[in-house]
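Each value in this text was obtained by applying a stated rule to the coordinates, not by laboratory testing. As the structure is a prediction and not an experimental result, all values here were calculated from the model. Note: ideal-geometry Cβ built from the backbone for every residue, glycine included; neighbour counts use all protein chains shown.
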Amino acid sequence: MAENNIEKSRIMTFNEDKHEIALETKDLHVHYGSNEAIRDVSLQFERFKITALIGASGSGKSTYLRSLNRMNDGIADVTGKIIYRDLDINKDDVDIYEMRKHIGMVFQRPNPFSKSIYENITFALKRHGMKDKQLLEERVEKSLKQAALWDQVKDDLNVSALSLSGGQQQRLCIARAIAMEPDILLLDEPASALDPISSRIVEESLLELKEKYTIIIVTHNMQQASRISDYTAFFHSGNAVEFDKTTTIFTRPTIKLTDDYVSGNFG
Amino acid sequence: MNPKKADKIATSILYGIAGFVVLVLAALLGYILVRGLPHVSWQFLTTPAKSFSSGGGVGIQLFNSFYLLLLTLLISFPISLGAGIWLSEYAKNNWVTTVIRTSVEILSSLPSVVVGLFGFLIFVVQFNFGFSILSGALALTFFNLPLLTRSIEESLRAIPYSQREAGFSLGLSRWETVTRVVVPDAVPGILTGVILSAGRIFGEAAALIYTAGQSAPALDFTNWNPANIASPLNPMRPAETLAVHIWKINSEGIMPDASAVSAGASAVLIIAVLLFNFLARFGGKALYRKITSSK
């Protein structure tokens, strides 16, 4: 059987007097049937910082991310605690729809609705009861500006979102997520389906967004992780192996596995 | 034989088979239309049938066919939509779902004459609806439900899961996501399924012979009170449809121009079904462009 070859792990914890914790997991386990995909992961995410989750394919980083706003409900069994504002949001009685307004998500492949640009952003807001047209328009403009898309689309917000390029679609998805004004943004390899230039633009908008949002991003791209993140967690076969400041993880990791991965001679 | 040559031969054989299918279809359609169209006139389409003398039309049968189609869709579409949504969006992968899915499949392979006899025993005799449009519509609902459910389910499944994730991640409930995101995206596919099933309902005869009956009493097209027996809208009146009419003329028609009426009626039936198919094709596309606001 698959042997747990993770002998050591080193997970940094924050001094909560000095750092504000936006989200935290305690002893999180995720099972797909009898297959354990995430094993006992406890991590803290500091507010208004970007935390990158890195690791090879199948290391569980995406599964972990998707568990944070309960996107794995009905797909996998998630046990353990996910603490958001002193509340364990992994409990059954939590209103997951309300919770997801606070913890937004952007996916690997751009998935705009097949509606107009304007409606992509206002659709969920309207469903949540925002009726005032002027308020909606302000929210559209603000979120598109934050996602660095406004200048390219402002002339015609009524065209189909599907007519945008891949990079623009992904920025629209980011705008759609931040239009909800969440606290936390979860990003699941948001730039992996994009060309390098679009990817760079998305990264730049993320750096601006961290002034207002706590960002947790899964990425395959280590340059990207080192460019944009403040903290980095390295995942390997369902375990969080090492978690620290990004500079520490990339320059002097303590665990050999991490060192092998970030220096590119993995396996 | 070298691969290039083998490929050439295989390609030409496949072309041949495809051409043969098209040829058979074209020959059938051509034969029916060439024989039938000369008998089709405005008068043919609007006057009632005659039993013993020549010069009868198919007006009432044509109306009955459309009315029966409308009633059948009114009953079966909501049920199929609900079942399709449940199967595609809510059903868990367990034995209950498997039983339901298998039942739907078996139901779809029932011969229509069996559905007709079942409808006769249940609706006509047991529920005492008599030979009526209602009995016919209910029998056709049984006939239509499995295929329509299946096509709606497949239209919904064709919408990528990422669209649902987008809805969930914005705090929308599953129901909101399904009704506001997934179903609207699937409308063109659903519409195509409905129209294609409409074509099948329109041409169905066997299931109706014992349920909607084989007589077409005279209708008063100025009387729109559904409770009146002479009203076209009355669902309790017997109603021979176009397809049943064709079957009946050919098996026991005694009017002198039976073959001409049959040919004309067949042409009308074929044209209606063809129209449904074209509508499905172009209507679905046009609607999709409209919904996604792409130009």
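The table for this structure:
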{"quantity": "DSSP bridge pairs, the range A:19-262: antiparallel proportion in percent, nearest 5", "calculated": "55"}
{"quantity": "Selection from A:Ser143, A:Cys173, A:Val153, by position along the positive dipole direction of the range A:19-262 (Cβ)", "calculated": "A:Val153"}
{"quantity": "5 angstrom amide H check on A:Leu53, placed H, neighbours 5+ away", "calculated": "A:Ile217, A:Val218, A:Thr219, A:Ala233"}
{"quantity": "Cleavage-rule hits (chymotrypsin sites (Phe, Trp or Tyr not before Pro)) in the range B:213-295: DSSP loop, at most 15 neighbouring Cβ within 10 angstrom", "calculated": "B:Phe221, B:Trp224"}
{"quantity": "Spatial separation of Cα centroids for the range B:176-214 and the range A:153-224, in angstrom", "calculated": "41"}
{"quantity": "Helix-only [θ]222 nm of chain B, DSSP H runs n ≥ 4, -39500 (n - 2.57) each, per residue, nearest 500", "calculated": "-22000 deg cm²/dmol"}
{"quantity": "Long-range Cα-Cα pairs in the range A:88-174 (distance over 17 Å), rounded percent", "calculated": "52"}
{"quantity": "For the range A:79-89, Karplus couplings with θ = phi - 60° (6.51, -1.76, 1.60), whole Hz, Gly/Pro x", "calculated": "10, x, 10, 10, 9, 10, 6, 6, 10, 7, 7"}
{"quantity": "Normalised per residue, the volume of the convex hull around the Cα set of chain B (Å³)", "calculated": "224"}
{"quantity": "Equivalent ellipsoid dimensions for the protein assembly as shown as semi-axes, Å, which come from the Cα gyration tensor, largest first", "calculated": "62, 25, 24"}
{"quantity": "Using θ = phi - 60° and Karplus 6.51 cos²θ - 1.76 cosθ + 1.60, couplings along the range B:264-269 (whole Hz; Gly, Pro as x)", "calculated": "x, 5, 4, 4, 4, 4"}
{"quantity": "Given charges at beta-carbon only (K, R positive; D, E negative), |dipole| of the protein assembly as shown in Debye", "calculated": "1400"}
{"quantity": "Rounded Å value of the spacing that divides the Cα centres of the range B:3-33 and the range B:75-94", "calculated": "38"}
{"quantity": "FRET efficiency for B:Ile32 and B:Ala91, using Cβ-Cβ distance with R0 set to 30 Å, rounded to 0.05", "calculated": "0.10"}
{"quantity": "Orientation-averaged projected area, Cα convex hull of the range A:19-262 (nm²)", "calculated": "13.2"}
{"quantity": "Spherically averaged projected area of the range A:208-267 from its Cα convex hull (nm²)", "calculated": "4.3"}
{"quantity": "Neighbour-count order for B:Ser251, B:Ser151, fewest beta carbons within 10 angstrom listed first", "calculated": "B:Ser251, B:Ser151"}
{"quantity": "Sites B:Arg174 and A:Leu87 - FRET efficiency at Förster radius 25 Å, r taken between beta-carbons, to 0.05", "calculated": "0.65"}
{"quantity": "Length added when fully stretched, A:Asp40-A:Thr254, from 0.36 nm per residue minus Cα-Cα", "calculated": "75.0 nm"}
{"quantity": "Value of relative contact order over chain A, rounded to a whole percent, pairs C-alpha under 8 Å and six or more apart", "calculated": "28"}
{"quantity": "Extended-chain gain in nm, criterion 0.36 nm per residue less alpha-carbon gap, B:Leu121 and B:Val24", "calculated": "31.1 nm"}
{"quantity": "Helix-only CD estimate at 222 nm, as mean residue ellipticity for chain A, using -39500 (n - 2.57) per DSSP H run (n ≥ 4)", "calculated": "-9500 deg cm²/dmol"}
{"quantity": "GNM result for chain A, Cα springs below 10 Å: residue of A:Glu204, A:Glu189, A:Glu46 fluctuating most strongly", "calculated": "A:Glu204"}
{"quantity": "D (Stokes-Einstein, µm²/s), Kirkwood Cα radius, the range A:13-62, 1.306 mPa s at 10 °C", "calculated": "127"}
{"quantity": "Phi to ³J(HN,Hα) by Karplus 6.51 cos²θ - 1.76 cosθ + 1.60 over the range B:143-154, Hz, x for Gly, Pro", "calculated": "5, 8, 3, x, 6, 5, 4, 4, 6, 5, 4, 5"}
{"quantity": "Kirkwood estimate for the range B:182-243, i.e. one over the average of 1/r between Cα atoms, Å", "calculated": "13.9"}
{"quantity": "Top of B:Leu69, B:Leu233, B:Leu134 by mean-square fluctuation, Gaussian network on chain B, Cα under 10 Å", "calculated": "B:Leu233"}
{"quantity": "Among B:Ala243, B:Ala137, B:Ala218, residue whose mean-square fluctuation peaks in a GNM of chain B (springs only between Cα atoms under 10 Å)", "calculated": "B:Ala218"}
{"quantity": "Bins of 5 Å from zero: percent of alpha-carbon pairs in the range B:1-118", "calculated": "2, 8, 7, 10, 10, 10, 12, 12, 11, 9, 5, 3, 1, 0"}
{"quantity": "In range of the label at A:Glu20: residues from the range A:45-87 whose backbone nitrogen is under 17 Å from the point 7 Å along Cα→Cβ", "calculated": "A:45-51, A:84-87"}
{"quantity": "Pairwise label distance in nanometres, A:Lys126 with A:Lys145, each label 7 Å out on the Cα-Cβ vector", "calculated": "2.4"}
{"quantity": "Dipole of chain B [Lys/Arg +1, Asp/Glu -1 at C-beta], most positive-end residue of B:Pro217, B:Asn128, B:Thr177", "calculated": "B:Thr177"}
{"quantity": "R0 of 41 Å, Cβ-Cβ distance B:Ala258-B:Arg101: FRET efficiency to nearest 0.05", "calculated": "0.35"}
{"quantity": "Charged-residue dipole, Cβ positions (Lys, Arg, Asp, Glu), the range B:163-217 about Cα centre, Debye nearest 20", "calculated": "40"}
{"quantity": "Order of B:Ser53, B:Ser65 under a 10 Å beta carbon neighbour criterion, fewest first", "calculated": "B:Ser53, B:Ser65"}
{"quantity": "Relative contact order (percent, whole number), chain B, Cα cutoff 8 Å, 6+ residue spacing", "calculated": "26"}
{"quantity": "Proxy reagent accessibility, fewest Cβ within 10 Å first, across B:Ile60, B:Ile201", "calculated": "B:Ile60, B:Ile201"}
{"quantity": "Cβ charges +1 (Lys, Arg) and -1 (Asp, Glu), total dipole of the range A:19-262, debye", "calculated": "340"}
